[in-house]
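Student: Encoded as structure tokens, here's the structure I'll be asking about.
Please treat every number below as a calculation from the coordinates, not as lab data. None of the values given here were measured: they were computed from a predicted structure. Because the Cβ atoms are built from the backbone with ideal geometry, glycine has one as well, and the counts that use them run over all protein chains shown.
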Amino acid sequence: MFISILIYKQRHRSPNRKDTPEANYAHVRYIATRPRVLKNEGMNHGLFGKMEPGVIQEFKDWKEIARRVYANSRKNITMYRSVVSFSEETAKELLLTDQKSWQRYIENHIMTIAEKNGVKREHLQWASAVHGEKAHPHIHVVFWDTSVRAKNPYVPPAIPGAIRRQMIKDTFADKIRLCGQVKDESLRSMRKITDEMVDEFERYLRRMKPEQYQEINRKLDEELSYELPFPEKTVNELGSRLLQLRRAIPENGRIAYQLLPPEVKTQVDEMVEDMIRHFPTVRESVEIYCEAKKRQAALYSTDPAYLDQKAGVYEKEAKKVLANRILSGVRMVIRLEGEMRTEQYIHDRKAIYAEQIILESLDILAGVADCEDNIDDGRKAGAFQLSKEARKEWYLKNQDKGYEH
């Protein structure tokens, strides 16, 4: 039998049965007086509880409470019976070593039991007793609702399950918090490692010129096994596959793992497996994440089949984190491609402008040369020795030859 670290059971006898009042009376007697009950100081029984809000009472006479339970049962008020149990080791860990410590424990958790059963604090009455069984120390609780409203006594199985889970969360809050811290740290480690890889790959791509990047993509199209000339072989392989993956993903739209086509998901999954296989730090982070989650799951059940099933779920969670980190690399590549296109556009425009400037400069230089030739011709013809009117006439005659006035 596989159990959780905390066992919670709850049942009741139907108020409509004729023998229910006697059975509920007998149950109170049993939990209060049975062998190995932790007794109230100076008394022959161990019954304590609250008949009204306030401090816990150690009842002087268990029979008084049993008679009250009997009378309530005659009024068709449901008497709920519950038990909370631990292993001996867990009870010691929680310092549940005597009746007083158990009193404090149940006082801290009684409202969880009541509220999950729909009982308000002001209408709650309860009585408890601790049985110090060596293998499984436990506490019995009888509780009921004093309100006059009619109530269906049926308790869905989900309610005891919810009480058990909440009591585990509250009882082992420190353990759960520690598991959460370890899990979160492993997630941060996974993100940090993959961010460093993406950043390093981005720096590598930024050192390329657009034409070099285009050449790499051409080679990737031609050679499926082509690897980038990157210093580290493993980053090399991942970088090459990242560029191949980029071409399988549309540039527009949201890039998220759950939205990918099946064939693209397969590519991403293979990359994740490669990262786990090639990078010890990634593999260690995944293992720590899964182990922390598994330790937390073990608080609820020790069933190996259940824990194996949960371990598979946790491994998928960790791999999905890595998958989305890989997709962040794809987004980086798409962003850089946009920048490269802009850079190439600017480069091309600069080349066009430079060509225009050169051509215009050549035209100007050619015009200047023609002008100097014309001036020389004018000097030879004695144009600059003519009168003002004659020079003007000469300029008009030669202006179409490149000489401006």
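Student: Can you work out ³J(HN,Hα) from phi for every residue in segment 280-291, in order, using Karplus 6.51 cos²θ - 1.76 cosθ + 1.60 and θ = phi - 60°, giving whole Hz and x for Gly and Pro?
Tutor: Residue by residue, segment 280-291 yields x, 5, 5, 4, 5, 5, 5, 5, 5, 4, 5, 5 Hz.
Student: So which trypsin sites (Lys or Arg not before Pro) in segment 243-318 pass both tests, a DSSP loop state and at most 16 other Cβ atoms within 10 Å of the Cβ? Show your work: numbers first, answer last.
Tutor: Values: sites: Arg246, Arg247, Arg254, Lys265, Arg277, Arg283, Lys293, Lys294, Arg295, Lys310, Lys316; in loops: Arg254.
Answer by residue number: Arg254.
Student: Say R0 is 51 Å: what FRET efficiency, to the nearest 0.05, do Ala26 and Asp184 get from their beta-carbon distance? Each step should come with its number before you reach the end.
Tutor: Working: r = 51 Å, r/R0 = 1.00.
According to the calculation, E is roughly 0.50.
Student: Okay, moving on. Do any chymotrypsin sites (Phe, Trp or Tyr not before Pro) in segment 1-92 lie in a DSSP loop with no more than 14 other beta carbon atoms within 10 Å, and if so, which? Don't skip to the end; give the middle numbers.
Tutor: On the way: sites: Phe2, Tyr8, Tyr25, Tyr30, Phe48, Phe59, Trp62, Tyr70, Tyr80, Phe86; in loops: Phe2, Phe59, Phe86.
Passing sites in segment 1-92 are Phe2.
Student: Filter the GluC sites (Glu not before Pro) in segment 59-162 to those in DSSP coil with at most 14 other Cβ atoms within 10 Å of their Cβ, and list the result.
Tutor: Values: sites: Glu64, Glu88, Glu89, Glu93, Glu107, Glu115, Glu122, Glu133; in loops: Glu133.
The qualifying sites are Glu133.
Student: Using amide H atoms built 1.01 Å from N in the peptide plane, name the residues 5+ places from Leu47, or on other chains, whose amide H lies under 5 Å from its own.
Tutor: Those lying under 5 Å, H to H, from Leu47 are Asn40.
Student: Need the full-extension length gain, Glu52 to Thr266, defined as separation in residues times 0.36 nm minus the C-alpha distance. One decimal, nm.
Tutor: Working: separation 214, 0.36 × 214 = 77.04 nm, distance 6.25 nm.
Separation in residues times 0.36 nm, less the Cα-Cα distance, equals 70.8 nm.
Student: Here is a further query. Please find the FRET efficiency linking Lys219 to Tyr306, where r is the Cβ-Cβ separation and R0 is fixed at 51 Å, and quote it to the nearest 0.05. Working shown, then result.
Tutor: Values: r = 50 Å, r/R0 = 0.98.
Efficiency, rounded to the nearest 0.05: 0.55.
Student: A further question follows. Extension gain Ser14-Asp170, at 0.36 nm per residue separation less the Cα-Cα distance, in nm?
Tutor: Working: separation 156, 0.36 × 156 = 56.16 nm, distance 3.08 nm.
Extending this stretch completely gives an extra 53.1 nm.
Student: Expected output is a single nm value to one decimal: the length gained when fully extending between Asp98 and Arg277, i.e. 0.36 nm times separation in residues minus the C-alpha distance. What is it? Can you show the working numbers first?
Tutor: Numbers: separation 179, 0.36 × 179 = 64.44 nm, distance 5.17 nm.
Gain on stretching Asp98 to Arg277: 59.3 nm.
Student: Next question, about the same structure. Give me a comma-separated list of calculated 3J(HN,Hα) values for segment 332-339, in order, Karplus coefficients 6.51, -1.76, 1.60 applied at θ = phi - 60°, integers in Hz, x for any Gly or Pro.
Tutor: 4, 4, 4, 4, 5, 4, x, 5
Student: Out of residues 5 or more away from His138 or on other chains, whose amide H comes under 5 Å of its own, with H placed 1.01 Å from N in the peptide plane?
Tutor: His131, Glu133
Student: What are the ³J(HN,Hα) values, in whole Hz, obtained from phi via the Karplus relation 6.51 cos²θ - 1.76 cosθ + 1.60 with θ = phi - 60°, for each residue of segment 32-39 in sequence order, with x given for Gly and Pro?
Tutor: 7, 10, 4, x, 6, 6, 7, 7
Student: Output the pairs from Lys265/Lys293; Lys120/Lys310; Lys9/Lys183 with a Cα-Cα distance over 28 Å in this structure; if there are none, say none. Write down the numbers at each step before the final one.
Tutor: Values: Lys265/Lys293 25 Å; Lys120/Lys310 36 Å; Lys9/Lys183 31 Å.
Over 28 Å Cα-Cα: Lys120/Lys310; Lys9/Lys183.
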